[in-house]
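The values are calculated or read from the model by the stated rules, or taken from the named source; none is laboratory data. All values derive from a computational prediction rather than experimental measurement. When we count neighbours, we look across all protein chains shown, and the Cβ atoms used for this are built from the backbone with ideal geometry, even at glycine.
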C-alpha cells in the first residue's frame, strides 16, 4: 500500500526529504510558497564528508560538486599571513546543491505558490490546507519550510527565532575581476580575518552554471558585523518605508545602509578583503538568529532543517543538518509506524541539532571576545584563533569536557 508524505518547503531541506523518502518507497508532494523556482544568489556552502555521502545516498551525483581548497589561512589587517591550517574541503554553492536535488523530484510532485495556512492531524492521517484553499491529505506531514516555518508556528507558537546581535554580510566577486596579486594572495584558500568585534571569512566557489574553470570562478565573501536591535529595525526598512520583519529581500536594502556598511568596512577590514568587497557585486545582509525547537515532531507532523533548528552559520551545518534530518526521517519511517517513527526521529535529531546549535553560539561569542582577553584590533592576537580556524564549518563533535 502506497504511503504519502507532504513536504512543506521546496528548498534544499525539503528536496532532501523528498529524495530520501522516494528512495524508501514513499509518494511525496513538495509544496513551495514561492511563486517561482528558487535561487540562492550563488551563496557559498562548505561541504563536509557527511554531506557528500548524504548527497550520494539521496541519489545525486557528487562529481564536479565544487572547488577543492587545501588550507585555511588567517590574515592580519595589512594582509600578512599569520597562520595556516591544512584542512582539505570542497566548497560549493547553494545553487549547485539545489539543482542536483531538484532533478530528483518530478515536476508533478513539486508545486509552487503553495503557502501553508494550517494543518489538521486526525490521528490516522493529516490534512494540510494552503492559503489558496487547496488541501492535501497524507500519512505524514513534514515542515521543511525554513526558520519562519508556518508548520512550527502552529505546532509550537511560543518558539520564535531570537536575534543574536549581529548580521552577516555576503557578496560574490568574479575571479576575473580580481588583480593577479590579490588572486595569488587569497583566492585558493579558505581565508580568515579575526579581529575583536567582527569577523571575515571567504573562499572560492564555482562561477555561474557551476563553471569550475580557473578564471571563471567566484570568491564568496562572508562578514559578521555587530548591529544593535534598534539599528536592525532601520536596516530592515526599505526605501518606501516598509519594514520587513526578520529579514529583507536583498534588492530592497537601502543605498544608505550599504554606504554605512562600506564606511565601517574601510575602518575595520583587512586589506585583501576590503579590495574584494570593492570589486564585488552588490552586497546583502541577513540577521543572525538562534532557534532550537524543543521537539521535532508531534503526532504525524515532523520538523526538519531550519524549521526545527537554526544553528548560526559559523558551523556551516545548515545544509548538512537538513540532509541528516531527511535521512533519519526516511530511515525511521521505514522501521516503525508513523507516530513511533517520528518520535524516534525527533529524539535522534534533536540531540544532534542541540550540539550544532551550542557550538555555533560558542563560535559566535569568540567574535566579541571580552576586552580582558587582550587587544586584537588587527587580527594578529586573537586568543581563540586556532580554535576558530579548526572548528568553523566543521561537523561539531561532542567535547570530552565543557568548552566555554
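Summary table below
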| item | result |
| --- | --- |
| Top-ranked residue of segment 199-213 - restricted to ones that are part of a loop (DSSP other than H, G, I, E, B) and touching a residue at least 40 places away in the same chain (Cβ under 8 Å), ranked as farthest from residue 70 (Cα to Cα) | 208 |
| Tally, over segment 118-152, of residues that are surrounded by 15 or more Cβ atoms within 10 Å (Cβ to Cβ) and either at pLDDT below 95 or out of contact with any helix residue (DSSP H, G or I) (no Cβ under 8 Å at 6 or more places or on another chain) (or both) | 12 |
| Any hit, segment 11-18, residues being in a loop (DSSP other than H, G, I, E, B) and either in contact (Cβ under 8 Å) with a residue 60 or more places away in the chain or touching a helix residue (DSSP H, G or I) at 6+ places or on another chain (Cβ under 8 Å) (or both) | yes |
| Among residues of segment 164-195, those that are under 23 Å from residue 94 (Cβ atoms), more than 26 Å from the chain's Cα centre (by Cα) and not in a loop (DSSP other than H, G, I, E, B), counted | 2 |
| Subset of segment 243-277 that is more than 22 Å from the chain's Cα centre (by Cα) and part of a loop (DSSP other than H, G, I, E, B) - its residue that is surrounded by the most Cβ atoms within 10 Å (Cβ to Cβ) | 270 |
| Conditions (1) touching a strand residue (DSSP E or B) at 6+ places or on another chain (Cβ under 6 Å); (2) under 21 Å from residue 310 (Cα atoms); (3) surrounded by fewer than 24 Cβ atoms within 10 Å (Cβ to Cβ); number of the one not met by residue 32 | (1) |
| Residues within segment 278-322 that are crowded, with 24+ Cβ neighbours inside 10 Å, out of contact with any helix residue (DSSP H, G or I) (no Cβ under 7 Å at 6 or more places or on another chain) and part of a loop (DSSP other than H, G, I, E, B), tallied | 1 |
| Neighbours by Cβ (under 6 Å, 6+ apart or cross-chain): first from segment 248-268, in the same structural domain as residue 232 (by TED's automatic domain parsing) and in contact (Cβ under 8 Å) with a residue 40 or more places away in the chain; second surrounded by 15 or more Cβ atoms within 10 Å (Cβ to Cβ) and not in a helix (DSSP H, G or I) | 250/284; 268/198 |
| Condition met for residue 178 (touching a residue at least 60 places away in the same chain (Cβ under 8 Å) and under 30 Å from residue 202 (Cβ atoms)) | yes |
| Residues of segment 171-182 classified as crowded, with 18+ Cβ neighbours inside 10 Å and either within 15 Å of residue 270 (Cα to Cα) or out of contact with any helix residue (DSSP H, G or I) (no Cβ under 9 Å at 6 or more places or on another chain) (or both), total | 2 |
| Failed condition for residue 42, given (1) touching a strand residue (DSSP E or B) at 6+ places or on another chain (Cβ under 6 Å); (2) at pLDDT 95 or above; (3) surrounded by fewer than 20 Cβ atoms within 10 Å (Cβ to Cβ) | (2) |
| Candidate set: segment 71-111, residues that are closer than 15 Å to residue 28 by Cβ and in a loop (DSSP other than H, G, I, E, B); chosen: the one farthest from the chain's Cα centre (by Cα) | 106 |
| Set 78, 5: member being farther than 28 Å from residue 211 by Cα, in contact with a helix residue (DSSP H, G or I) (Cβ under 9 Å, 6 or more places away or on another chain) and modelled with pLDDT under 95 | 78 |
| Residue count, segment 181-198 (criterion: out of contact with any strand residue (DSSP E or B) (no Cβ under 8 Å at 6 or more places or on another chain) and touching a residue at least 24 places away in the same chain (Cβ under 8 Å)) | 4 |
| Total residues in segment 52-70, condition touching a strand residue (DSSP E or B) at 6+ places or on another chain (Cβ under 8 Å) and either surrounded by fewer than 16 Cβ atoms within 10 Å (Cβ to Cβ) or not in a strand (DSSP E or B) (or both) | 5 |
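Let's see how each residue does on (1) in the same structural domain as residue 192 (by TED's automatic domain parsing); (2) surrounded by 13 or more Cβ atoms within 10 Å (Cβ to Cβ); (3) touching a strand residue (DSSP E or B) at 6+ places or on another chain (Cβ under 7 Å); (4) at positive phi:
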| position | (1), (2), (3), (4) |
| --- | --- |
| 206 | yes, yes, yes, no |
| 209 | yes, no, no, yes |
| 212 | yes, yes, yes, no |
| 217 | yes, yes, yes, no |
| 226 | yes, yes, yes, no |
| 229 | yes, no, yes, no |
| 241 | yes, no, no, yes |
